1. Under 6 Å between Cβ atoms, at least 6 apart or on separate chains: pull out the pairs that start in the range 76-88 with a residue that is on the phi > 0 side of the Ramachandran plot and surrounded by 14 or more Cβ atoms within 10 Å (Cβ to Cβ) and end on any residue that is part of a helix (DSSP H, G or I) and modelled with pLDDT of 90 or more.
2. Give the residues of the range 54-65 that are out of contact with any helix residue (DSSP H, G or I) (no Cβ under 6 Å at 6 or more places or on another chain) and either part of a helix (DSSP H, G or I) or at pLDDT below 80 (or both), sorted by residue number.
3. Please count how many residues of the range 90-129 are modelled with pLDDT under 90 and outside any strand (DSSP E or B).
4. Are any of the residues in the range 124-132 more than 11 Å from the chain's Cα centre (by Cα) and without any contact (Cβ under 8 Å) to a residue 24 or more places away in the chain?
5. What is the number of the single condition among (1) under 14 Å from the mean Cα position of the chain (by Cα); (2) at positive phi that residue 49 does not meet?
6. I'd like the full set of residues that are over 16 Å from residue 124 (Cβ atoms) and in a loop (DSSP other than H, G, I, E, B), limited to the range 67-89.
7. So which of 98, 115 ends up being surrounded by 15 or more Cβ atoms within 10 Å (Cβ to Cβ) and under 18 Å from residue 51 (Cα atoms)?
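The values are calculated or read from the model by the stated rules, or taken from the named source; none is laboratory data. A quick note: this is a predicted structure, and the numbers were derived from the prediction, not measured. FYI the Cβ positions are ideal-geometry reconstructions off the backbone, even for glycines, and counts take in every protein chain you see.
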């Protein structure tokens, strides 16, 4: 059973680390659509810009109506689960993004993102949590 989960997790990792030349345009399209439809503040625009310039949209979508296939939770679902967010929640989510992990949203493993700056990840997390309706 452990081997099965290892194989599945490895497969997700390979898919998440892969990508195509169309990924950049898909990120830009989904980012600009979200900014136009939500009327975000300048802080939110920065968070959305950082998400668009990272590989986040390889696995995550803004919400269920956003284009693309998500192996991770939609940002709207993350916001619903964790908002209202205390500073400790934000710290925990920043750490999870930077170090990776799994088990919270099912068997899929979130790849670590140590190359991102912690301050940028914090802005991204705050933007995502602001999506709670």
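1. From the range 76-88, no pairs qualify.
2. Of everything in the range 54-65, those that are out of contact with any helix residue (DSSP H, G or I) (no Cβ under 6 Å at 6 or more places or on another chain) and either part of a helix (DSSP H, G or I) or at pLDDT below 80 (or both) turn out to be 56, 65.
3. Here the count works out to 6.
4. Checked the range 124-132: no residue is more than 11 Å from the chain's Cα centre (by Cα) and without any contact (Cβ under 8 Å) to a residue 24 or more places away in the chain.
5. It is condition (2) that residue 49 fails.
6. Of everything in the range 67-89, those that are over 16 Å from residue 124 (Cβ atoms) and in a loop (DSSP other than H, G, I, E, B) turn out to be 67, 68, 69, 70, 71, 84, 86.
7. Working: 115 fails: surrounded by 15 or more Cβ atoms within 10 Å (Cβ to Cβ).
Residue meeting the stated conditions: 98.
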